[in-house]
């Protein structure tokens, strides 16, 4: 099979290789997926670069955890009727050496989720890490019906999906962007209805602007920049609010301990590879249902050919707002 891999960590152009590897075979409880698209996430880039303490977990790594394609073989214990089914894939390179940057990948059967007929392969390849992280951020502490959810960085991949899932779950959603100039893009990134109010963080009274839409405070905060936003979050959080953070600007952030203690704030940190299995399955089911209902808007860039994988990684590393996909040749 045609595949991308790296045998050492470093810059994309220096370590990513393209060539032929043996076709993988599914073991018990596994399925093999013939991929059409491979989704590239910031976490894939970090693993390849070896930043934040990430080491080479295996002598050779085929990168990327997300993708979409068609099941073409199954292992023992898997219903053979799954062969020929279109699926989206998650966790392909989570505690496993070979991900989706290849014509074929093998994953546990629950990590290959049937795609509704009206959902494209490109959308399917975007659902894994961002969608499951977004779902966990919104729902890990229970339903959000009737609550107010603040979603920071709402133009980002995880945050945009979090806003849409929170809205679908019955919440009022306040979304933030870094600059006032970005406000017109919110509707395009999250659909026309998900974000009820949008606030730019470059205004000096951002906390007051959020409080204007949530006078009693917000119930949940979905946080992409914990260290940068924590003072603002403390100022707008309702008593017993949850701050669910999946990224931070500084590795060791400070926060206003006593005000947050008196407000009984919960801080939930989210590492997508290690969510409970049942949480991943619930997220996969809910994401598939939302996509099938046309309730998810995802900005997707033109897929990058497999022989330009280094360029695709560089685009992710540069902070591309549109989702970056690798087109897998048939």
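Any read-out appearing in this document is the output of simple, stated calculations on the displayed coordinates, not a laboratory observation. All values derive from a computational prediction rather than experimental measurement. Cβ coordinates were reconstructed from backbone atoms using ideal geometry, including for glycine residues, and neighbour counts include every protein chain displayed.
With both residues required to sit in the range 130-273, DSSP beta bridges show an antiparallel share near 0%. If you plug the beta carbon distance of residue 178 and residue 264 into 1/(1 + (r/R0)^6) with R0 = 30 Å, you get a FRET efficiency near 0.55. Between 293, 234, 92, the Gaussian network model of the chain with springs among Cα atoms under 10 angstrom shows the greatest mean-square fluctuation at 293. As a proxy for reagent exposure, 205, 141, 182 were ordered by neighbouring Cβ count within 10 angstrom, fewest first; the result is 205, 141, 182.
Note on the chain: GNM, Cα springs under 10 Å; of 101, 171, 163, the largest mean-square fluctuation is that of 171.
Taking all Cα pairs closer than 8 Å and separated by 6 or more residues, the relative contact order of the range 130-273 comes to 22 percent. Site pair residue 60 and residue 295 shows an inter-label distance of 4.3 nm when each label is modelled 7 Å from Cα along Cα→Cβ. Of the residues 255, 98, the one with the fewest other Cβ atoms within 10 Å heads the list, and the complete ranking is 255, 98. Taking a ≥ b ≥ c as the square roots of the eigenvalues of the Cα gyration tensor, the range 130-273 is rounded, since a/c falls below 1.5. DSSP assigns beta bridges within the chain; of those with both partners inside it, close to 55 percent run antiparallel.
Just to be sure I understand: with springs between alpha-carbon atoms less than 10 Å apart, which residue in 307, 254, 44 has the highest mean-square fluctuation in the Gaussian network model of the chain? Result: 254 has the largest fluctuation of those listed. Once the Kirkwood radius over Cα pairs is known for the range 1-158, the Stokes-Einstein relation at 20 °C and 1.002 mPa s delivers a diffusion coefficient of 129 µm²/s. Cα centroid separation, the range 1-59 to the range 86-148: 17 Å. Straightening the chain between residue 17 and residue 239 buys 74.8 nm, computed as 0.36 nm per residue apart minus the Cα-Cα spacing.
From least to most packed, judged by other beta carbons within 10 angstrom and beginning with the fewest, 88, 5, 258 follow the order 258, 5, 88. Based on the Stokes-Einstein relation at 37 °C and a viscosity of 0.692 mPa s, and on the Kirkwood radius from alpha carbon pairs, the chain is assigned a translational diffusion coefficient of 162 µm²/s. Multiplying the residue separation of residue 212 and residue 318 by 0.36 nm and subtracting their alpha-carbon distance yields 34.7 nm. With contacts taken as Cα pairs under 8 Å and at least 6 residues apart, the chain reaches a relative contact order of 18 percent. Taking the 0 to 90 degree range and rounding to the nearest ten, how far is the long axis of helix 128-139 tilted relative to the main principal axis of the chain, both from C-alpha atoms? Helix 128-139 sits at roughly 30 degrees to that axis. Distance between the C-alpha centres of the range 285-299 and the range 155-228: 19 Å, rounded to the whole angstrom.
Here the sum of -39500 (n - 2.57) over DSSP H runs of 4 or more residues, divided by the residues of the chain, equals -8000 deg cm²/dmol at 222 nm, to the nearest 500.
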